[in-house]
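A.B. asks: Just passing along the structure, written as structure tokens.
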Amino acid sequence: MGDRAVLVANECPTDRGPILAETNQRRNELEKLAEYKTYGMRWYVLGVICLLNCSNAMLWLSFAPVADITAKFFDITMDQVNWLSQVYLIVAIPVGLCTMWVLDIMGLRTAVILGAWLNMLGSVIRFMGFLSEDYKSVQYGILLTGQCLCAVAQPLVLFSPTKLAAIWFPEHQRATANMIASMSNPMGVLVANLLSPALVHKTEDMALMMGIYAIPAVLACTFATGGVCHSEPLTPPSASAINSTSEPFCSGLKKLMTNKAYVILMVCVGAGIGIITAFSALLEQILCVMGYSNSFAGLCGALLIAFGLLGAFLLGLYIDRTKMFIEATKVFFCGAALASIAFALVSRLPGQPALVAVFCSLFGLLTFSIYPISMELAVECTYPVGEGTSTGLIYISGQIQGIIYMLLFQATTKQLSDAPLSTCSSEMDSDLDWKVPVLLMAGVMSVGSCFFVLCFHTDYKRLQAEAESAAITQREADSS
């Protein structure tokens, strides 16, 4: 049924060197003694969640890279175009609270299948809105309705990776599995940034784009409904998987809110999520006023995600080997703050595509890498509180802050009476100066990173529990 899982050796989790040495020496022995198993089915479930995450992200930001053409097609303002992205942030707050309960009480399978159906229905409704071209206001209303359904699905798919990693994967694969599932969401953003500008050159191309974006959603729903048959494996892959969601839901929420380390993590990582959300949605508008084309803005968005995926992959492998969650998160957080400052400066320079692309890439490399590791860190500092609850609150924090930042950044723009370099083609809005908003982004990242580095400290509670379980197993074997 699968290969044997590996337990962490009996050492203090904060002293990771002895843990790793002991793990390598006693791995084969503990595999024989422990009654933990892994199943090949875990890779199928991981694949379904990846496709679902990717599809949902494509639907989320499908309009951002072609915001000006979208405004022309629907005869709406740029603020109304931005609402197609912002609705995800707003809906996710109340739905996210319900999603935590669904994941930790009803199970992973229920969350995945429900999210898949909502995502598919939303994508189909979006496409149906383009079939009638008589009333633009009706089309926009149907499109917004579809976006709302996709937005309801988003927490269900975004909260799933940490739960999946905890209950289906062994200790030495958890960070990597979480990274793969979590980074499939920015992969969808990458596809949207590349595909939307490639498909949409004029308003008549909008319907084609919507039809193509519905295909992954339909496939994900089919695979989830037909193939995800269980919320958890018959035999757990690790000691901590046995106790997953052992803490009652309401009691778990109270414990999270009184856990100082977790609250700091929730606020600081939530700030990073909010900033990258606003940055991705507003990137085309920031760059077009300085003379950069939609295609270049899409390329920058793609580089942001591509380097983020690369960084997350390498960091996930490193964390699975070293368990240095705190150190890695602090280093990358500080690097992301420096990259945001550099982008704020170079984005105000016309005719510097190389510099803009480089710092977009660096910003993505450092910010997206933090996300899956911070989700694992959240579980470590709150165990045995359910994974859906501990990671869900961080995501909700990011959505709340994302709404605040997007509204703040748009409110602090200034209209330009003359913008000779502008490539923004929307006739509904004047050209805007984004100098203050990009400086605010850099400021939020800088303050958040400094606060996190100075104030965040925690023990690795899940690793400690697994070490204790390994010790008990060893003592029982020695006495028999």
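A.B. asks: Would you rank R348, R109, R321, R126 by solvent-accessible area, highest first, keeping every protein chain in place and using a 1.4 Å probe?
C.D. replies: R321, R109, R348, R126
A.B. asks: Right, next: For D433, enumerate residues with amide H under 5 Å from its amide H, sequence gap 5+ or separate chain, H modeled in the peptide plane.
C.D. replies: Those lying under 5 Å, H to H, from D433 are K414, Q415, L416.
A.B. asks: At 1.4 Å probe size, with every protein chain present, just tell me what the per residue accessible area of the chain comes to in Å².
C.D. replies: Computed with neighbouring chains in place, this is 38 Å² per residue.
A.B. asks: Right, here's the next one. Which residues does the label zone of C450 cover in the range 339-383, counting backbone N under 14 Å from a point 7 Å along Cα→Cβ?
C.D. replies: The answer is 341.
A.B. asks: Kindly rank 290-301, 96-107 from highest to lowest mean number of other beta carbons found within 10 Å of each residue.
C.D. replies: Highest mean packing first, the order is 290-301, 96-107.
A.B. asks: Go through the range 341-354 residue by residue and turn each phi into a ³J(HN,Hα) via Karplus (6.51, -1.76, 1.60, θ = phi - 60°); whole Hz please, and just put x for glycine and proline.
C.D. replies: Working through the residues one at a time gives 5, 4, 5, 4, 7, 6, 5, 8, 9, x, x, 10, x, 5 Hz.
A.B. asks: A further question on this structure: Just to verify a number: what accessible area does K202 come out at with the full protein assembly present, 1.4 Å probe, Å² rounded to tens?
C.D. replies: Near enough 110 Å² of accessible area.
A.B. asks: Next question, about the same structure. Mind checking the full-extension length gain between V436 and L234? Use 0.36 nm per residue of separation minus the Cα-Cα distance, one decimal, nm.
C.D. replies: Numbers: separation 202, 0.36 × 202 = 72.72 nm, distance 5.46 nm.
So the extension gain works out to 67.3 nm.
A.B. asks: Shifting gears a bit: Would you work out the charge dipole size for the chain about its Cα centre, treating the Cβ of every Lys and Arg as +1 and the Cβ of every Asp and Glu as -1, and quote it to the nearest 20 debye?
C.D. replies: 400
A.B. asks: Can you give the angle from 0 to 90° between the axis of helix 461-479 and the longest principal axis of the chain, with both taken from C-alpha atoms, to the nearest 10?
C.D. replies: 20
A.B. asks: So what's the gap between the Cα centers of the range 186-234 and the range 376-420, to the nearest angstrom?
C.D. replies: Cα centroid to Cα centroid, the span is 23 Å.
A.B. asks: With +1 on the Cβ of every Lys and Arg and -1 on the Cβ of every Asp and Glu, and nothing else charged, how large is the dipole of the range 94-214 about its Cα centre, in debye rounded to the nearest 20?
C.D. replies: 220
A.B. asks: By how many degrees, between 0 and 90 and to the nearest 10, does the Cα long axis of helix 41-60 differ from the longest principal axis of the chain?
C.D. replies: Helix 41-60 sits at roughly 20 degrees to that axis.
A.B. asks: If you line up the long axis of helix 387-411 against the longest principal axis of the chain, both from Cα atoms, how many degrees apart are they, to the nearest 10?
C.D. replies: Helix 387-411 sits roughly 20 degrees off the main axis of the chain.
A.B. asks: Need the full-extension length gain, I90 to F313, defined as separation in residues times 0.36 nm minus the C-alpha distance. One decimal, nm.
C.D. replies: That works out to 77.3 nm of additional length.
A.B. asks: So, taking all protein chains as they sit and a 1.4 Å probe, how much accessible area belongs to M78, in Å² rounded to tens?
C.D. replies: My reading of the accessible area for M78 is about 20 Å².
A.B. asks: Between T412 and A471, what FRET efficiency follows from the Cβ-Cβ distance if R0 is 45 Å, with the result rounded to 0.05?
C.D. replies: The value I calculate is 0.20.
A.B. asks: Which log10 I(q)/I(0) values, to two decimals, does the range 257-403 give at q = 0.10, 0.17 Å⁻¹ under the Debye formula with one point per Cα?
C.D. replies: -0.37, -0.93
A.B. asks: Okay, next question. Could you work out the helix-only [θ] at 222 nm for the chain, with each DSSP H run of four or more residues adding -39,500 (n - 2.57) and the total divided by the number of residues, to the nearest 500 deg cm²/dmol?
C.D. replies: The helix-only estimate for the chain comes to -25500 deg cm²/dmol at 222 nm.
A.B. asks: Tell me, what % of the accessible area of the chain is carbon and sulfur with a 1.4 angstrom probe? Mind dumping the intermediate values first?
C.D. replies: On the way: 11910 of 18030 Å².
Accessible surface attributable to carbon and sulfur in the chain totals 66 percent.
A.B. asks: Something else: Give the peptides 172-178, 463-469 in descending order of average Cβ contacts within 10 Å, highest first. Walk me through the intermediate numbers first.
C.D. replies: Numbers: 172-178: 23.6, 463-469: 20.0.
Those peptides, ordered most packed to least, come out 172-178, 463-469.
A.B. asks: Which entries in the list K330/K461; K37/K255; K37/K323; K260/K435 go over 26 Å, if you measure between the two C-alpha atoms of each?
C.D. replies: Over 26 Å apart, Cα to Cα: K37/K255; K260/K435.
A.B. asks: Using only the Cα atoms, work out Rg/Rh for the chain, with Rh taken as the Kirkwood radius, to two decimals.
C.D. replies: Ratio of gyration radius to Kirkwood radius: 1.00.
A.B. asks: Report the FRET efficiency, 1/(1 + (r/R0)^6), for V138 and T322, where r is their Cβ-Cβ distance and R0 is 35 Å, rounded to 0.05.
C.D. replies: 0.05
The values are calculated or read from the model by the stated rules, or taken from the named source; none is laboratory data. No experiment lies behind these values; they were computed from the predicted model shown. Neighbour counts run over all protein chains shown; Cβ positions are idealised from the backbone, glycine included. Quick note on the areas: whole protein, heavy atoms, side chains included, nothing else; ligands and nucleic acids left out. Shrake-Rupley method; radii C 1.70, N 1.55, O 1.52, S 1.80 Å.
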